Amino acid sequence: MIDLYYWTTPNGHKVSLFLEEAGLPYKVHPINIGKNEQFAPDFLKIAPNNRIPAIVDQTPADGGEPLSLFESGAILLYLAEKTGQFLPKDLRGRQMALQWLFWQMGGLGPMAGQNHHFNRFAPEKIPYAIKRYTDETARLYRVLNKQLEGRDFVAGAEYSIADMAIYPWIVPHEWQGQNLDDFPALKVWFQRVKARPATERAYALVDKINPQK
């Protein structure tokens, strides 16, 4: 059993995507970041950086005490290694998936997150900041579009944790000032991932956990 500490954000969706794809049993513990529940002492014992998602694996492979992890990329890698799924086993395929996982963690996520902040939530509209992060998001979309040309998925023919990490940050593309028609290979990939039954199940959690979103 996996305990998933979750809220309905792009980073939260990454882990629910994996759990639904792998068919792992899990229990959702909502952490309402709008109510600052991420600062609760019990949650900080699991996620000291006060961010979702986090997990506790009640049955780690070493047979020891329950294992807690924070940081969505680390969680995806852990679950892939635990299950032997969604991470290529050959050297080159594995490195391809991992570099795009880290590309999302170090590039797309932070830049799109700043894009969301300045476009949607900042109390003051700052044109320079809006343009900077909209333009940088578009650059990253172009990088991803180039990678997806001639490929079904980010790391090649097989769906992987790289796709799971990236997809939730493309879902709010309209918030980011991006038109998927400008990125044809990315658009085809996006629709392919969206149509997966596990993706539909993962995103159905929104209606259960945060129906106001």
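Sorted ascending by nearby beta carbons within 10 Å, beginning with the fewest, Thr8, Thr134 become Thr134, Thr8. By the beta-carbon count within 10 Å of each Cβ, the least crowded to most crowded order of Glu81, Glu37, Glu174, Glu20, fewest first, is Glu174, Glu81, Glu37, Glu20. Each label was represented as a point 7 Å from its Cα along the Cα-to-Cβ direction; for Lys35 and Asn179 these points are 4.1 nm apart.
For the chain, what is the calculated [θ] at 222 nm in deg cm²/dmol (nearest 500), taking -39500 (n - 2.57) for each run of four or more DSSP H residues and dividing by its residue count?
Numbers: 9 runs with 106 residues, N = 213.
Only helices count here, giving -15500 deg cm²/dmol.
Rounding to the nearest 20 debye, state how big the charge dipole of segment 33-121 is about its Cα centre with +1 on each Lys and Arg Cβ and -1 on each Asp and Glu Cβ. It would help to have the intermediate numbers written out before the result.
On the way: 8 positive and 8 negative charges, 75 e Å.
It comes to approximately 360 debye.
Comparing Thr9, Gln191, Ala162 along the charge dipole axis of the chain, the residue lying farthest to the positive side is Gln191, per the Cβ-charge model. A simple count of charges around Leu67, restricted to other residues whose Cβ falls under 14 Å of its Cβ and scoring Lys, Arg +1 and Asp, Glu -1, yields -4.
For segment 1-77, the set of trypsin sites (Lys or Arg not before Pro) satisfying both a DSSP loop assignment and a count of at most 11 other C-beta atoms within 10 Å is given as Lys45.
Over 21 Å between Cα atoms: which of Lys14/Lys208; Lys27/Lys89; Lys89/Lys187; Lys14/Lys187; Lys14/Lys194 fall into that group? As for pairs spanning more than 21 Å Cα to Cα, those are Lys27/Lys89; Lys89/Lys187.
Taking only C-alpha pairs under 8 Å that are 6+ residues apart, what is the relative contact order of segment 80-213 in percent? Mind showing how you got there, number by number?
On the way: 113 pairs, mean separation 35.9, N = 134.
After rounding, I find 27 percent.
Can you give the extra length, in nm with one decimal, that the chain gains between Ala157 and Gln95 once fully stretched, where that is 0.36 nm per residue apart less the Cα-Cα distance?
In short, 20.9 nm is gained.
Separation of segment 65-112 from segment 125-165 is 16 Å, based on Cα centroids. Modelled spin labels at Asn50 and Phe102, positioned 7 Å past Cα toward Cβ, are 2.9 nm from each other. For segment 112-207, trypsin sites (Lys or Arg not before Pro) are listed when DSSP marks them as loop and at most 12 other Cβ atoms sit within 10 Å of their Cβ; the list is Lys125.
Any read-out appearing in this document is the output of simple, stated calculations on the displayed coordinates, not a laboratory observation. Nothing here was measured: the structure is a model prediction, and the numbers come from that model. With ideal geometry, Cβ positions are generated from the backbone for all residues, glycine too; neighbour counts draw on all protein chains shown.
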